[in-house]
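Participant: My questions all concern the structure below.
The values are calculated or read from the model by the stated rules, or taken from the named source; none is laboratory data. None of the values given here were measured: they were computed from a predicted structure. In this analysis, Cβ positions are derived from the backbone assuming ideal geometry, glycine residues included, and neighbour counts consider all displayed protein chains. Protein only, heavy atoms only, side chains kept; ligands, DNA and RNA dropped before computing areas. Shrake-Rupley method; radii C 1.70, N 1.55, O 1.52, S 1.80 Å.
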Amino acid sequence: MEIKTVLLPVVTEKFDETVAFYTKISGKAVSLTAAHDGYKLSLVDRFVILGEVDGPEFLKIPRLVNAIFVVDDLHAYWAILKDHCAKIIVPVNRVSTGIRFIIQQHDGKIIEYLQLNETA
């Protein structure tokens, strides 16, 4: 089990402007784009920029997330955390980028655990 990286979510109403801002300050290009659950996202360096597609209500849960832990074995983390967290926000489910779950930890932080799709 390994947390491979930590990503910071940035939820915005000005998606294109925000993506341009983070590409400028990071010096990195968009490395991933996806859409699911009524919102779109772009990954720029360690920032996941999220904007609405189907309405602001679809950003309710993303606005809660403090960090995204990209892990190598999601099911191993789920086995530990499903019974040892303060609250399950979203159980294990498939999204366009991989598989994930979102929990509130006992420290109050809301963390998304994500295992990315394998690339060919």
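Participant: At a 1.4 Å probe radius, carbon and sulfur cover how many percent of the accessible area of the chain? Don't jump to the answer; show the numbers that get you there.
Facilitator: On the way: 3680 of 6910 Å².
Here it works out to 53 percent.
Participant: Let me have the 222 nm mean residue ellipticity of the chain computed from DSSP H runs of 4+ only, each contributing -39500 (n - 2.57), with the sum over all residues rounded to the nearest 500. Walk me through the numbers on the way to the answer.
Facilitator: Values: 3 runs with 25 residues, N = 120.
Here the helix-only value at 222 nm equals -5500 deg cm²/dmol.
Participant: For the chain, what is the percent of antiparallel DSSP beta bridges, rounded to the nearest 5? Provide the component values of the computation, followed by the final result.
Facilitator: Values: 29 of 37 bridges.
In the chain, DSSP labels about 80 percent of beta bridges as antiparallel.
Participant: Then there is this: Using label points projected 7 Å from each Cα along Cα→Cβ, tell me how many nm separate VAL92 and VAL6, to one decimal.
Facilitator: 2.5 nm
Participant: As an exercise, take the mean of 1/r over every pair of distinct alpha carbons in the range 1-73, invert it, and state the Kirkwood radius in angstroms.
Facilitator: About 12.6 Å for the range 1-73.
Participant: Just to verify a number: FRET efficiency for SER31 and HIS106, C-beta to C-beta distance, R0 = 35 Å, to 0.05? Walk me through the numbers on the way to the answer.
Facilitator: On the way: r = 33 Å, r/R0 = 0.93.
Efficiency, rounded to the nearest 0.05: 0.60.
Participant: Relative contact order of the chain, please, whole-number percent, based on alpha carbon pairs below 8 angstrom and at least 6 residues apart.
Facilitator: Numbers: 234 pairs, mean separation 29.7, N = 120.
Across the chain, relative contact order equals 25 percent.
Participant: Next up: Please determine, in degrees from 0 to 90 and to the nearest 10, the orientation of helix 15-26 with respect to the longest principal axis defined by the Cα atoms of the chain, where the helix direction is its Cα long axis.
Facilitator: That helix lies at roughly 90 degrees to the long axis.
Participant: Still on this structure, I have one more. Write down, largest first, the equivalent ellipsoid semi-axes of the range 13-120 in whole Å, where each equals the square root of 5 times an eigenvalue of the alpha-carbon gyration tensor.
Facilitator: Numbers: eigenvalues 119, 51, 35 Å².
Gyration-tensor ellipsoid for the range 13-120: 24, 16, 13 Å.
Participant: Between PHE21 and GLU118, what is the FRET efficiency for a Förster distance of 30 Å, r being their Cβ-Cβ separation, to the nearest 0.05?
Facilitator: On the way: r = 31 Å, r/R0 = 1.03.
That pair, PHE21 with GLU118, gives E of 0.45.
Participant: Follow-up question, since we're still on this one. Just the accessible area per residue of the chain, please: how many Å² with a 1.4 Å probe? Don't skip to the end; give the middle numbers.
Facilitator: Details: 6910 Å² over 120 residues.
Dividing the accessible area of the chain by its residue count gives 58 Å².
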